[in-house]
Each structure stands twice: as structure tokens, then as C-alpha cells.
Amino acid sequence: MTHTITLLPGDGIGPEVTAAVVQVLEAAGLKATWESFEAGAHAVAAHGTTLPEPLLASIRKTKCALKGPITTPIGEGFTSVNVGLRKALELYANLRPVWNLPNVKSRYEGVDLVIVRENTEDLYAGLEHTVIPGVVESLKIITDAASTRIARFAFEHARRQKRKRVTAVHKANIMKLSDGLFIECARRVARDFPEIQYDERIVDAACMQLVMFPEKFDVLLLPNLYGDIVSDLCAGLVGGLGVVPAANLGADGVGVFEAVHGSAPDIAGKNIANPLALLLSGVLMLRHLNEDQAADRVMRGVTTVLAGATRTRDIGGTASTSEFADAICRAMEADTQ
Ligand code: NAI
């Protein structure tokens, strides 16, 4: 079957890693028509907006997008395309599986956890204003509806993946109303899943425990801001931002698949970025499209290549982005399974 997939190459290292990933996915057997769009600062000249309507219309139609990273300049006047996309398409769940890849050096072994991050509210609501000069207010929005929806998503994911425990992460000892509501909703949903254990951690303690014994964690359920921070911490447990995938999932089966990392302006245009994080996001996309055979093929190719010496600099090698992708394609070609 030929799928129609929306493609956002992004900027910075985005176009390089996206090209590498499309090459590998197609070599693995994915048949796709790609509808490609610019977003972010690059889209402003042509469309007058960072998030052009034709792009949103394409994702609403295809229900599936592969997205490279997009730069968000710091300061006023430019809202994040990533946040905008999640809001416009109601991509309420951010799913980030984190596990040790074979032969990718890290300080830990046996890490196999999943981060489920609420994607639409919290301090990311973008409701900030200057109260008086020198005093700024930023609103943290937590609702029963969004907290219940993400908690249900986490437990349903745990059930589907036969995972044992969901841990809600919060700071309800200080933010008694907002984070208090978040865990109240999680507790309520937990009662519908008696076969899955449920517990809670205060976010600072969770961070300490994650760097002391990450192998003890299973599914982590977090509001937006803690989810963002803890995701990068967890990427660091297994080899860094170059190796961790993510999916943004919404109602009606819409999925936007992207890496956790950003546009890495420090290494953009040098053909040295690691395409693995976006490739693993591509594997999540293949599974979302029920292309499990192609997904398994990519994973076997990745495992074969990581067993050898071909790898990018961030994970201890010297290969370029394209050399790494070519090696995976060759490994898949030689794969007779
Ligand atoms: P970053 O993730 O782009 O880079 C952090 C560090 O990790 C840099 O040293 C970079 O070279 C390295 N790195 C990142 N991805 C890598 C890869 N695939 N291979 C090898 N090394 C890699 O984070 P930073 O610098 O904070 O953000 C840069 C821009 O990206 C910002 O404008 C930010 O807003 C945006 N961003 C976009 C995201 C998205 O589109 N989903 C997510 C995170 C940040």
C-alpha cells in the first residue's frame, strides 16, 4: 500500500537528517507519496506565517507527518512552530520511548522506559504578560479534561505494551491546585486499570532517582513542562539527543513523528548530525501505519550497523550523516530475513 505522508524537513540539521531517514524508510520497503512543506522562519517569506494553512490541511488529510526540527528564536515575536502545531492539531500526547540501543555507549544499562508528556497546556499555554515594568506573569493552565485524557492515554499505552507501572510526576506539594488536579485525575484513571501499578514522584526526587536507578522506571506520566525537561534527562541516560525518538499523537489517529532534539545550529549543514533519533521516530511512524515488517527491517539494519564501527560523532564514531544512512541501507539489503 502507498501511504501519503506530510513531510516537514525543518531547518538547521533538519533537511540533512530528514533526507537520510526518507532514504532508509524507503529502502526498508515503505511506499509513500511525500507532501513536503516548509515551516518556521523559512515559511514566513512565502506565506506570511510560520505555520502555513496548506501544511495543517495536509496533516489533517494524511493524518501522518514526519517532521525535522524547527528553530524557535528566543525572545518576543516568534511563537514556537512545534507548540503551534501541537495546538492546531490537538496533538495532546507526546510519547517518548527511551531504551539502551545495542553498542551505544551510556552510563547505564537496562533502561527501558516510556515518557508520556501532556502536550497542550501547562506553562506552554503561552499566556504571559507584563503586569508592571519589571514584573512578568506566566500562567500555568492545568485542566481536568486534558489531565484525564493524558492519564488515560498513558494507562492504555501501558496496557497495550504490557508494561507494569505508571508513575505520575508532579510538584503538588508546592503547586497544590494545578499539579494537585493533575495527580487527582491520574489517580482517578488508575482505578480503571487495576492490573497496572500506579505510583507518584515529586519531580525533583524523580530526577534524582532517574539518574541513580533509571532501570526501575517503566511508564512516566508528566505535565508538559516537567515532561519536556525529564525527556532530555532521559535521553542523556541512553546516549543523548541523537538517539531518542518521539511521537505526537492526537485524536482521530493523527500522528506527527519527530526527534526529541532541536535544529542543532552548531552542526547544521556539515553532514555530521546523527539521523538515528529521527529514524527511530520513523520506526514509530511505520508501526503507526501498520508497516511492522518495514519497521522490523529498519531495527535489524540499525542493530547490525551499531554492532560495527560506522556511527556518527555524537555516539563515538566518525561517519557522516549520509554514510551512516547508507550503511543502514546496505545492512538491510544484505538482510535475508
Ligand atoms: P538541540 O537539540 O538543537 O542541540 C543541543 C545539542 O545537541 C547541540 O550541541 C547539538 O549539536 C546536539 N545535537 C542535537 N541533535 C543532534 C543530532 N541529531 N546529532 C548530533 N548532535 C545533536 O537544542 P538547542 O540548541 O537547545 O535548540 C536549537 C533550536 O532547536 C532552538 O531554536 C530550539 O527552539 C529548537 N528546538 C526544536 C525542537 C523541535 O523542532 N522539535 C525541539 C527542541 C529544540
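Brief remarks follow.
- Per-residue extension of 0.36 nm, minus the Cα-Cα distance of Val83 and Ala145, leaves a gain of 20.4 nm for this segment.
- By the rule of a C-alpha distance below 25 Å, with chain neighbours fewer than 8 residues away ignored, the lysines paired with Lys162 are Lys216.
- Distance from the Cα centroid of segment 206-275 to that of segment 50-122 is 9 Å (rounded to whole angstrom).
- Shape category assigned to segment 245-300 from the gyration tensor of Cα positions, a/c cut at 1.5: oblate
- Taking amide hydrogens as placed 1.01 Å from N in the peptide plane, the amide H of Ala32 sits under 5 Å from those of His3, each at least 5 positions away in sequence or on another chain.
- Segment 193-337 - accessible surface per residue (Å², probe 1.4 Å): 40
- Taking every DSSP bridge with both residues inside the chain, close to 45 percent are antiparallel.
- Of the GluC sites (Glu not before Pro) found in segment 159-228, the ones in coil according to DSSP and having at most 14 other Cβ atoms within 10 Å of their Cβ are Glu195.
- Expressed as a whole percent, the accessible surface of segment 252-302 that belongs to carbon and sulfur atoms is 47, based on a 1.4 Å probe.
- Straight-line reach from Lys31: taking Cα to Cα under 17 Å and skipping same-chain neighbours fewer than 8 places apart, the lysines in range are Lys63.
- Over segment 107-237, all Cα pairs binned in 10 Å intervals from 0 give whole-percent P(r) values of 13, 42, 32, 10, 3, 0, listed from short to long.
- Once the Kirkwood radius over Cα pairs is known for the chain, the Stokes-Einstein relation at 20 °C and 1.002 mPa s delivers a diffusion coefficient of 104 µm²/s.
- C-alpha center-to-center spacing [segment 1-44, segment 318-337] in angstrom: 19
- What the Cβ-Cβ distance of Arg107 and Lys61 gives, at R0 = 41 Å and to the nearest 0.05, is a FRET efficiency of 0.40.
- Set of aspartates and glutamates with alpha-carbon distance to Lys87 below 12 Å, sequence-local pairs under 8 removed: Glu118, Glu121
- In segment 147-212, trypsin sites (Lys or Arg not before Pro) in a DSSP loop with at most 16 other beta-carbon atoms within 10 Å: Lys162, Lys164, Lys176, Arg191
- Gyration tensor (alpha-carbon) shape descriptor, segment 8-144, a/c threshold 1.5: oblate
- Alpha-carbon centroids, segment 133-161 and segment 167-182: separation in whole Å: 11
- Dipole magnitude (debye, nearest 20) for segment 107-237, charges at Cβ of Lys, Arg, Asp, Glu: 500
- Contour minus Cα-Cα distance for Trp99 and Asp192 (0.36 nm per residue): 30.7 nm
- Cα lying deepest toward the dipole's positive end in segment 107-237, options Leu225, Thr148, Gly126, charges on Cβ: Thr148
- Pairs of Cα atoms nearer than 8 Å and 6+ residues apart set the relative contact order; for the chain it is 23 percent.
The values are calculated or read from the model by the stated rules, or taken from the named source; none is laboratory data. Please read these numbers as outputs of a predicted model, since none were measured by experiment. A quick note on method: Cβ atoms are made from the backbone with ideal geometry, for glycine too, and the neighbour counts reach across all protein chains shown. Ligands, DNA and RNA are excluded from the accessible area calculation, which covers all protein heavy atoms including side chains. Shrake-Rupley method; radii C 1.70, N 1.55, O 1.52, S 1.80 Å.
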